[in-house]
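The values are calculated or read from the model by the stated rules, or taken from the named source; none is laboratory data. From a predicted model like this one, the values you see are computed outputs, not experimental measurements. Heads up, the Cβs are rebuilt from the backbone with ideal geometry, glycines too, and the neighbour counts pull from every protein chain shown.
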Amino acid sequence: MARRARAESTVRPIEHLSLVDRVTDELRRAVLVGDIQPGSAVSIVELCEQFDVSHIPVREALRRLESEGIVSLRPGRSALVASLSLEDLDDIYRLRRTIEGDLAVEAVKEMTPERLDDAEQALDYYVGIEREPAALAAAHHAYHASLLADVMGAMDRRVLELLWHAADRYLHLLMAELDSAPETQEGRIDEHRHLLELARAGKAEEFRDAWVAHLDASAEELRAALRRRPAEDAD
């Protein structure tokens, strides 16, 4: 009887989890595209009214975003959206280079035709998707994840998803210029195609070097965009 009672107390209804997921995704999207600005306070009461839900899924969504470094919960009924900073950006990409670079070498060694097909489909989707921050970020990370899928452990995936979401907060800074010109858009797409070609050719070291170079280029573009922000908006 005790075992059954413990199981009942730890399993939450699917409907509740699904609602929390939707609130989390929408809040993350709002921060990503700049609808909710870095450094601003958000009221839990107002969020409940906007989403037409109780405070429970809103608080849980904010806790998830706090674990990603996107917000910090404050005493009372509000949360503060984390500011953007060059230091945090550098930390994010330093960790990504370390983790993804190591995984990239192993991924090529374990690459299968099926995995390459999955990656090609993910790339096609990324190429064709609307250049909107939330959708673009999701498609971009789906492509990267498809190449690393066979060598990512559960902890690798958990840590990388946190880093990817943290990096996405900076993406909206580039949206006015990122992929706005055909040559810029094609250049970034070519970088991703080159990764797939190296993986298909089994060139593990070159694949890792190209992967890290891609991260470095993205980080530098984001640094430049962050430096161009008006002084009153910058951290």
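Any idea which of (1) in a helix (DSSP H, G or I); (2) closer than 23 Å to residue 133 by Cβ is the one residue 60 doesn't satisfy?
(2)
Of everything in the stretch 82-96 that's surrounded by fewer than 20 Cβ atoms within 10 Å (Cβ to Cβ) and touching a Gly at 6+ places or on another chain (Cβ under 8 Å), which residue is farthest from residue 35 (Cα to Cα)?
Once the filter is applied, the top-ranked residue is 88.
Those residues that are closer than 16 Å to residue 171 by Cα, surrounded by 18 or more Cβ atoms within 10 Å (Cβ to Cβ) and not small (Gly, Ala, Ser), I need them from the stretch 108-143; list them, please.
Within the stretch 108-143, 126, 133, 136, 140, 141 qualify.
Can you give me the number of residues within the stretch 176-216 that are modelled with pLDDT of 90 or more, among the small types (Gly, Ala, Ser) and either in contact with an Asp or Glu (Cβ under 9 Å, 6 or more places away or on another chain) or exposed (fewer than 13 other Cβ atoms within 10 Å of the Cβ) (or both)? Talk me through it step by step, then tell me what you get.
Quick first cut of the stretch 176-216, residues modelled with pLDDT of 90 or more only: 190-216.
Narrowing the set further to residues that are among the small types (Gly, Ala, Ser) leaves 199, 201-202, 204, 210, 213.
Then keep just the ones that are either in contact with an Asp or Glu (Cβ under 9 Å, 6 or more places away or on another chain) or exposed (fewer than 13 other Cβ atoms within 10 Å of the Cβ) (or both); that gives 201-202, 204, 210, 213.
Matching residues across the stretch 176-216 total 5.
Scan the stretch 113-128 for residues that are small (Gly, Ala, Ser), closer than 13 Å to residue 145 by Cβ and free of Cβ contacts under 8 Å to residues at least 40 places away in the same chain and jot them down. It would help to see each step written out before you state the result.
So in the stretch 113-128, the residues small (Gly, Ala, Ser) come out as 119, 122, 128.
When the remaining residues are screened for being closer than 13 Å to residue 145 by Cβ, the result is 119, 122.
Of everything in the stretch 113-128, just one residue is small (Gly, Ala, Ser), closer than 13 Å to residue 145 by Cβ and free of Cβ contacts under 8 Å to residues at least 40 places away in the same chain, namely 122.
Which numbered condition trips up residue 138, out of (1) modelled with pLDDT under 95; (2) of a type in the set (A, V, I, L, M); (3) over 20 Å from residue 216 (Cα atoms)?
Every condition holds for residue 138 apart from (3).
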